[in-house]
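Here the structure comes first, spelled out in structure tokens, and everything after it is commentary.
The values are calculated or read from the model by the stated rules, or taken from the named source; none is laboratory data. Everything numeric in this text was worked out from a predicted model, so none of it was measured. Because the Cβ atoms are built from the backbone with ideal geometry, glycine has one as well, and the counts that use them run over all protein chains shown.
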Amino acid sequence: MKLFDRLVLAAVLLTFCVVVLGAYVRLSDAGLGCPDWPGCYGHLTVPQSESALAHVEKAFPDKPLETHKAWKEMVHRYFAGTLGLLILAIFITAWRNRRRLPTVLPTILLLVVTFQAALGMWTVTLLLKPVIVSAHLLGGMTTLALLTWLAHRRFGSMPSIYGANFNALRPWARIGLLILAVQIFLGGWTSSNYAALACTDFPTCQGGLFPVMDFANAFHMIRELGETANGEQLSLAALTAIHWVHRLGALITFLYLGWLAIKTMRTPRLGDLGIAIAGLLVVQITLGISNIMFRLPLPVAVAHNAVAALLLISLVVLNSKTTMKSGR
């Protein structure tokens, strides 16, 4: 089905764009550029006319319009809305041709993107609550992973040589994907709590390997932004704990995925994929260190999110290849 394949490919590309745009909106502090949802100050576009601006001042007196932030947020919503329609089209096409096309994954995708839309709304209405923002990031990455899997099943090829090497690699590839998923969550938790600059030196943190840290408040999920569960201000020690754990996760991810990349390179017919994983891993670690040393420059921070998404794609492809039957 050419239509189905084109929809899937377009959805993968658009999901990557949505993930990167979401990171850009969050990192440029534009997540509340529009205080309502799904519109912006009661409009489907950013208000510009004199009458619309007058309505904004009257209806939102405590939330003045910052046009540049509002446009960032709305462009992200337009892209995300288009993606939702694409996934709906994939779902409908799959079920109309269910004798020839897979239906389980398109159904799961529709459910995920519907929940993702709700998370997008709660991100705004609950004022950037960290657990919601982090879940929204995970939802976007999950959508990307599922679409990548579906696309590889439609477009990907499997070398004719398939045997013990692939069987041996399969469990390690799955563990690698799990480790990366945890690290993506830790990165989202760091970003959503604005803890990226809790440590501004490297490889030490605040001058030592083990600074003062408050893990209890750092990883209490149900709380407001910048506050503890008791409503007190979140301490530097808590922010440091968030940042430090993300660094520890980065080290574990680097070591494991580095080993997995070498193992993949040594597997017949998977050498190029192993090289891609290794290259992306080196770039990602470089970007992470640069974020610390150069105080979180926006292009570098956004690129850090984009490469995380590319790493996810590469590991999903690796997992797909190691589970495909010979001849695909």
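Checked against the criterion of being assigned to a loop (DSSP other than H, G, I, E, B), in contact with a helix residue (DSSP H, G or I) (Cβ under 7 Å, 6 or more places away or on another chain) and either of a type in the set (A, V, I, L, M, F, W, C) or more than 23 Å from LEU27 (Cα to Cα) (or both), the candidates VAL245, VAL212, VAL300, VAL283 yield just one match: VAL212. Just so you know, in segment 28-53 the residues that are touching a Pro at 6+ places or on another chain (Cβ under 9 Å) and not in a loop (DSSP other than H, G, I, E, B) include one that is surrounded by the fewest Cβ atoms within 10 Å (Cβ to Cβ), and it is LEU53.
Sub-6 Å Cβ pairs linking a first residue in segment 184-205 that is touching a residue at least 60 places away in the same chain (Cβ under 8 Å) to a second residue that is small (Gly, Ala, Ser) and part of a helix (DSSP H, G or I), at least 6 apart or interchain, are ILE184/ALA308; LEU186/GLY249; SER192/SER134, ordered by first then second residue. Go through segment 286-295 and give me each residue that's of a type in the set (A, V, I, L, M) and surrounded by fewer than 17 Cβ atoms within 10 Å (Cβ to Cβ). Those that are of a type in the set (A, V, I, L, M) and surrounded by fewer than 17 Cβ atoms within 10 Å (Cβ to Cβ): ILE289, MET293.
For segment 62-71, a tally of residues being free of Cβ contacts under 8 Å to residues at least 12 places away in the same chain and acidic (Asp, Glu) returns 1. Only one of the listed residues (SER235, SER320) is buried (at least 17 other Cβ atoms within 10 Å of the Cβ) and in contact (Cβ under 8 Å) with a residue 12 or more places away in the chain. That residue is SER320. Just one of the listed residues (ALA237, ALA196, ALA250) is over 28 Å from THR286 (Cβ atoms) and small (Gly, Ala, Ser), namely ALA237.
Kindly indicate the residue of segment 54-82 that is at pLDDT below 95 and part of a helix (DSSP H, G or I) and also nearest to GLY22 (Cα to Cα) among those meeting that condition. The selected residue is VAL56. Scanning segment 186-201 for residues that are surrounded by fewer than 17 Cβ atoms within 10 Å (Cβ to Cβ) and either hydroxyl-bearing (Ser, Thr, Tyr) or within 30 Å of THR323 (Cα to Cα) (or both) turns up just one, THR200. Pairs linking a residue in segment 93-118 that is without any contact (Cβ under 8 Å) to a residue 60 or more places away in the chain to a residue that is among the hydrophobic types (A, V, I, L, M, F, W, C) and surrounded by fewer than 14 Cβ atoms within 10 Å (Cβ to Cβ), with Cβ atoms under 6 Å and 6 or more positions apart or on different chains, are THR103/TRP95. Does LEU88 qualify as being more than 28 Å from ALA309 (Cα to Cα), without any contact (Cβ under 8 Å) to a residue 40 or more places away in the chain and in a helix (DSSP H, G or I)? No. Just one of the listed residues (THR114, THR204) is surrounded by fewer than 18 Cβ atoms within 10 Å (Cβ to Cβ) and either in the same structural domain as SER290 (by TED's automatic domain parsing) or under 23 Å from GLN233 (Cα atoms) (or both), and it is THR204. Right, ARG295: assigned to a loop (DSSP other than H, G, I, E, B), under 21 Å from PRO203 (Cα atoms) and in contact (Cβ under 8 Å) with a residue 24 or more places away in the chain or not? So ARG295 fits the description; yes.
Comparison of ILE262, ILE222 shows that the only residue that is in the same structural domain as ALA303 (by TED's automatic domain parsing) and in a helix (DSSP H, G or I) is ILE262.
Per-residue answers, yes or no, for (1) touching a Ser or Thr at 6+ places or on another chain (Cβ under 9 Å); (2) free of Cβ contacts under 8 Å to residues at least 60 places away in the same chain; (3) of a type outside the set (Gly, Ala, Ser):
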{"site": "CYS40", "(1), (2), (3)": "no, yes, yes"}
{"site": "THR45", "(1), (2), (3)": "no, yes, yes"}
{"site": "GLN48", "(1), (2), (3)": "yes, yes, yes"}
{"site": "ALA54", "(1), (2), (3)": "no, yes, no"}
{"site": "PHE60", "(1), (2), (3)": "no, yes, yes"}
{"site": "GLU73", "(1), (2), (3)": "no, yes, yes"}
{"site": "HIS76", "(1), (2), (3)": "no, yes, yes"}
{"site": "PHE79", "(1), (2), (3)": "no, no, yes"}
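Contact annotation: residue pairs with Cβ atoms under 8 Å, 6 or more positions apart or on different chains, pairing a residue in segment 260-277 that is surrounded by fewer than 16 Cβ atoms within 10 Å (Cβ to Cβ) with a partner that is assigned to a helix (DSSP H, G or I), are ILE262/GLY274; ILE262/ALA278; ARG266/GLY274; PRO268/ASN165; GLY271/THR264; GLY271/MET265; ILE275/ALA261; ILE275/MET265.
For segment 207-219, a residue qualifies if it is closer than 26 Å to LEU119 by Cβ and surrounded by fewer than 23 Cβ atoms within 10 Å (Cβ to Cβ), and the qualifying residues are PHE215, ALA216, ASN217, PHE219.
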